1. For the range 102-170, max minus min Cα coordinate along each principal axis, in Å, sorted largest first?
2. Considering only Glu44, Glu178, Glu78, give the residue with the highest GNM mean-square fluctuation for the chain, with springs between Cα atoms whenever their separation is below 10 Å.
3. Which order do peptides 70-76, 227-233 fall in by mean Cβ count within 10 Å, highest first?
4. By DSSP, what percent of the beta bridges with both residues in the chain are antiparallel, rounded to the nearest 5?
5. Could you give the length gained on full extension between Glu244 and His271, defined as 0.36 nm per residue of separation minus the Cα-Cα distance, in nm?
6. Under a Cβ-only charge scheme (Lys and Arg +1, Asp and Glu -1), can you give me the dipole magnitude of the chain about the Cα centre, in debye to the nearest 20?
7. If I compute semi-axes √(5λ) of the Cα gyration tensor in Å from the structure I just sent, which labelled value in [x] 29, 25, 15; [y] 30, 23, 20; [z] 39, 21, 16 lines up?
8. Apply 1/(1 + (r/R0)^6) to the Cβ-Cβ distance of Met252 and Asn197, taking R0 = 22 Å, and write down the FRET efficiency to the nearest 0.05.
Amino acid sequence: MRDLILEKIFRARRELKVKNVKISNLSFSYAGTDRLILKDIDMEVNTGEFVCLLGQSGCGKSTFLRLLAGLEKPTTGEIQISGQKVEKAGLDRGVVFQDYGLFPWMSAGENILLALKQKFPDKKKTELKKIALQAIHDVGLKEDVFDKYPKELSGGMKQRCAIARSFSLNPPILLMDEPFGALDAVTRAKLQELVKNLWKKDAIRKTVFFVTHDVEEALLLGTRICVLGQSPSQIIYECKIDEEKKPERKQMYEDPEIMKQRNKLIEYINHDVARHIEE
């Protein structure tokens, strides 16, 4: 019976091909300059895809994410979510930044509650606290973290709280800007597994845009990898990773197909860097 239910869930995921994010002719430059950061980007992303935006520092990955979040406006082109043009930030998009984004004068729990109050203004505080505590539990933290202030938490714990805040809102789209870039290797690996497992557990998965410059991280997490070239940035290469054939972390370096894809991604990035050095 359990296998039948799981098969129905997996079949529903495979059949659900709603184009819930559409990016058309997207270009961006900051006001007062003619220098394009992003140029002529076109992309359609299905519900539940885990898209890793891969590229060198300064190529416009974070700018791309800010446009998706509605924190910047395109110079040309547009972004649509479920057919609606993105004009501003919204609660349908959760955001996790590298610097955690926790208010230092609030406890970890109060930071999560603040976001929940915006999403669910009619719910009682007791109900919201239950959601917040469950979110803290889901990211592997103890209940007493609710009352601790950011200065009392390690970098990994602060990032877990930031992830808990975003997942507690249950947004259909999650935007993550190098969330593990400032963490040590062991903590980074633990949080990579955490995010992967949180994403996998939903029957209808969140659509994730994940910015990274780490090829191995992109291969580990992504179902689709888009390589952004040097500014003015365009998508110079993309590939899809079959989730059912993807090995676990321990076996990743033993899988010839994954290693072949890894080398190809590195080749495209290095070729693009070399081309810009020569110009």
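1. In descending order, the Cα extents are 33, 24, 18 Å.
2. Glu44
3. Put in order of decreasing packing, that is 227-233, 70-76.
4. Numbers: 18 of 37 bridges.
Among the beta bridges of the chain, antiparallel pairing accounts for roughly 50 percent.
5. Numbers: separation 27, 0.36 × 27 = 9.72 nm, distance 3.04 nm.
This chain segment gains 6.7 nm when fully extended.
6. On the way: 46 positive and 41 negative charges, 218 e Å.
That gives the chain a dipole magnitude of about 1040 debye.
7. Identified label for the calculated read-out: [y].
8. On the way: r = 16 Å, r/R0 = 0.74.
Calculated value: 0.85.
Computed from the coordinates by the stated procedures, all read-outs in this text should not be read as laboratory data. Quick caveat: nothing in here was measured; it's all calculated off a predicted structure. With ideal geometry, Cβ positions are generated from the backbone for all residues, glycine too; neighbour counts draw on all protein chains shown.
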